[in-house]
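Q: Can you keep this structure in mind? I'll have questions shortly.
Just so it is clear, none of the values below were taken in a lab; they were calculated from the coordinates. The shown structure was predicted, so the numbers you read here are calculated from the model rather than taken from an experiment. Neighbour counts run over all protein chains shown; Cβ positions are idealised from the backbone, glycine included.
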Amino acid sequence: MQCTRCRIGHYHATTIPYITFLNDQMLVLPNISAFRCDMCGDVHFNQAFLEQLQYLLDQLTQAEGPMEPAEWLALNDHATNWQSSGRMV
């Protein structure tokens, strides 16, 4: 498929990270299927992927708001066993 931006190159299937921001936090999804132009580097993601991601992010941000650190630790009790040396006890 010919590039819609530079009109010289062609799109090729690849995997690249998808980066977006969620409440002032960077969200990185590695290895997302996309099409990249071999000349200008223009990238197109699958529209269905973008719509599903937006739906999930909307559900996440509208559910109950961000968790407090104490709530997160209660759900992840193994995190309290983590030592600063990087070993589990």
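Q: Points 7 angstrom from Cα along the Cβ direction at D42 and C6: gap in nanometres?
A: Once both label points are built, they end up 1.0 nm from each other.
Q: Treat the count of other C-beta atoms within 10 Å as a stand-in for reagent exposure and order I8, I16 from fewest to most.
A: I8, I16
Q: Hey, can you grab everything whose amide H is under 5 Å from the amide H of D42? Only 5+ residues off in sequence or another chain; H modelled, so Pro and N-termini drop out.
A: Under 5 Å from the amide H of D42 lie the amide H atoms of C37, each far enough along the sequence or on another chain.
Q: On full extension of the chain, what length is gained from Q54 through A13, given 0.36 nm per residue of separation minus the C-alpha to C-alpha distance?
A: My answer for the length gained is 12.5 nm.
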